[in-house]
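Remarks on the structure that follows.
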Amino acid sequence: MIQFAERTHPGRRSGENEDATGSNPVRHWWFVADGMGGQGNGHAASTIVKEQMQKAEAPDELLLAIHQSHLKILEATRENPMLRNMGSTIVAMEIRNRMAQVAWVGDSRAYLYRDGQLKRMTRDHSLVEVLRAIQGLSEDDLRGHPESNVITRGLGMEESAASMSELPLRHGDRFVLCSDGLTDELTDSDIAQVMKSLMSVDDAADKLIAQALEHGGKDNVSVVVMQYDGPTNRTYWIKRIDSRFIWWLLGGVLIGALLVGAVLWQLSLHS
């Protein structure tokens, strides 16, 4: 029901790859974590996140697993002062019961590709996102901004609360989870062009990584590409239509009863 492909690449920079990707089809979770801290600390942080996300015991505790990842990073920094600057972003998706639920902390992103259109499912926890809201900056204004890599939330940081969104699934929906190593190099339009092709999820993941490297690859870059091949979720619309129909029906019955009562009352006056 779910096809997926995971890819991570160190990019054209020195040092360890501080990104991590993971999946657990049994729990219906997929995720990308982007470690921070340098000197191996970022790698340590994203590894902690990956371990926590993959060993979570229940399939419906996505937010709890993310919070436990945060606590484990804090615990590691207390035990080893050399790790005190480490942290990680995360974007994770759960697909269950014909619903997609995405949770994120930081500037790793999730995209939905549906009906030929790419839609961002997340909103970065970053300084430039705050500037966008305050100053009305465009996407072009934000690209290359000197503060573009400053995040306002992260696992291991003082502010670590995850945001969440969800949507009913449609057959054929495609998703991209990615670190900022992809979005720093490719625009949303670039990503959409890759997703428009009818290639497999493996080919799409490979092409996204390759294009990020072609555009400079200045950071580690990671993607998880998924395709949902299950049935379309019509529950929301059915419930909405049914509830409206019931109210229309009750309203019609009430109006009808009032009209009949009025007619009978008028007849009684003339009898």
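The values are calculated or read from the model by the stated rules, or taken from the named source; none is laboratory data. For clarity, every value in this text was computed on a predicted model and none was experimentally measured. Here the Cβ is made from the backbone with ideal geometry for all residues, glycine too, and neighbour counts use every protein chain on show. Side chains are part of the model used for accessible areas, which takes the heavy atoms of the whole protein and leaves out ligands, DNA and RNA. Shrake-Rupley method; radii C 1.70, N 1.55, O 1.52, S 1.80 Å.
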- Note on the structure: The residue that is modelled with the highest pLDDT, considering only those in the range 78-98 that are open to solvent by 10 Å² or more (accessible area, probe 1.4 Å) and part of a strand (DSSP E or B), is GLU94
- Query: Among the candidates GLU6, GLU18, which residue alone is closer than 25 Å to MET226 by Cβ and touching a Gly at 6+ places or on another chain (Cβ under 7 Å)?
  - Reply: GLU18
- Considering (1) closer than 27 Å to MET99 by Cβ; (2) of a type outside the set (D, E, K, R); (3) in contact with a Ser or Thr (Cβ under 8 Å, 6 or more places away or on another chain); (4) assigned to a helix (DSSP H, G or I), say which one HIS171 fails and leave the rest. (4)
- Note on the structure: Sole miss for GLN54 among (1) assigned to a helix (DSSP H, G or I); (2) over 16 Å from SER108 (Cα atoms); (3) open to solvent by less than 10 Å² (accessible area, probe 1.4 Å) is condition (3)
- Message: Just to check your reading of the model, which residue among LEU137, LEU186, LEU182 is under 24 Å from VAL105 (Cβ atoms) and not in a loop (DSSP other than H, G, I, E, B)?
- Response: LEU182
- Message: Take the conditions over 19 Å from the mean Cα position of the chain (by Cα) and either outside any helix (DSSP H, G or I) or surrounded by 13 or more Cβ atoms within 10 Å (Cβ to Cβ) (or both) and apply them to GLU158. Does it pass?
- Response: yes
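Would you say ALA103 is assigned to a strand (DSSP E or B), of a type outside the set (S, T, N, Q), touching a residue at least 12 places away in the same chain (Cβ under 8 Å) and touching a Leu at 6+ places or on another chain (Cβ under 9 Å)?
Numbers: assigned to a strand (DSSP E or B): yes; of a type outside the set (S, T, N, Q): yes; touching a residue at least 12 places away in the same chain (Cβ under 8 Å): yes; touching a Leu at 6+ places or on another chain (Cβ under 9 Å): yes.
So ALA103 passes the test.
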- Is it the case that PHE4 is open to solvent by 30 Å² or more (accessible area, probe 1.4 Å), within 13 Å of LEU177 (Cβ to Cβ), of a type in the set (Phe, Trp, Tyr) and assigned to a strand (DSSP E or B)? yes
- Of the residues in the range 108-132 that are assigned to a strand (DSSP E or B) and basic (Lys, Arg), the one that is most open to solvent (accessible area, probe 1.4 Å) is LYS119
